[in-house]
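What follows draws every value from the coordinates through simple rules; no lab data is involved. If you're wondering where the values come from, they're calculated on a predicted model, not measured in any experiment. A quick note on method: Cβ atoms are made from the backbone with ideal geometry, for glycine too, and the neighbour counts reach across all protein chains shown.
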Amino acid sequence: MEKWFNVGKIVNTHGIRGEVRVISRTDFADERYQPGNTLYLFMPGSDEPLELTVNSHRTHKSFNLLTFEGYDNVNQVEKMKGGILKITESQQGELEEDEFYFHQIIGCFVKTIDGTEVGKVTEILTPGANDVWVVKNEAGKEILIPYIEDVVKKVDVNEKVIVIDPMEGLLP
């Protein structure tokens, strides 16, 4: 079964020549929306995605503006509003060492360097200088783990295990 990953949402049309406004959900917009790349449009209430080939990409204000091959006027793209643009797992690019996709981290079990189980990563926050991993323990309490070298010592996405060295006051 194919795994799909959200890269953006079509929120409106732009102009009359088939351009759509996309709120991007990818860190790699220039690569992802490169002309010639394939994206899959999932519309609410539809099971089958529409395969689209990017024809052009530019940014305007906080939006990515895209056109697709075969869609060259506003009437053709009007019905795409509200649709989610996705890619397949095989379309994801290779990351540098110690870089991870969110879906690789969410669901990992967290333990301390002495083996004490902390909980499971349920969410990733991106507030600023570093990501913060939300870990839920057995009691249902959320613990916020900063993704910094001093705290996160090992990440094994294959085994779904993260080892941390918690600084004082981090754990309850």
Any aspartates and glutamates whose Cα falls less than 17 Å from that of residue 154, other than same-chain ones fewer than 8 residues away, would be 96, 97, 98, 99, 114, 117, 131, 165
Please identify every one of the GluC sites (Glu not before Pro) in the range 66-136 that sits in a loop by DSSP and has no more than 15 other beta carbons within 10 Å of its own beta carbon. 69, 94, 96, 97, 99
What does the net charge come to around residue 19 if you take all other residues with beta carbon closer than 14 Å to its beta carbon, with K and R at +1 and D and E at -1? +2
Zone reached by a paramagnetic label modelled 7 Å from residue 150 Cα along Cα→Cβ, restricted to the range 100-141 with backbone N below 14 Å, covers 130
From DSSP H assignment alone, runs of 4+ in the chain each adding -39500 (n - 2.57), the sum over residues rounded to the nearest 500 puts [θ] at 222 nm at -1000 deg cm²/dmol
On the formula 1/(1 + (r/R0)^6), with r taken between the Cβ atoms of residue 160 and residue 129 and R0 of 30 Å, the FRET efficiency rounded to 0.05 is 0.70
Let's test the formula: R0 of 45 Å, r as the Cβ-Cβ distance of residue 58 and residue 168. What FRET efficiency results, to the nearest 0.05? 0.40
Please identify the trypsin sites (Lys or Arg not before Pro) of the range 4-96 that satisfy two criteria: DSSP loop assignment and at most 12 other Cβ atoms within 10 Å. Which are they? 61
With a 18 Å threshold on alpha-carbon distance, the violating pairs from 3/120; 111/160; 86/136; 120/153; 9/61 are 3/120; 86/136
Between residue 12 and residue 112, what length in nm is gained on full extension when 0.36 nm per residue of separation is reduced by their alpha carbon distance? 31.4 nm
Using Cβ counts within 10 Å as a stand-in for footprinting exposure, how do 47, 27, 131 rank, fewest first? 47, 27, 131
Would you give the gap between the C-alpha center of the range 36-109 and the C-alpha center of the range 113-172, rounded to a whole Å? 30
Sequence gap at least 6, Cα distance under 8 Å: using those rules, report the relative contact order of the range 55-172 to the nearest whole percent. 16
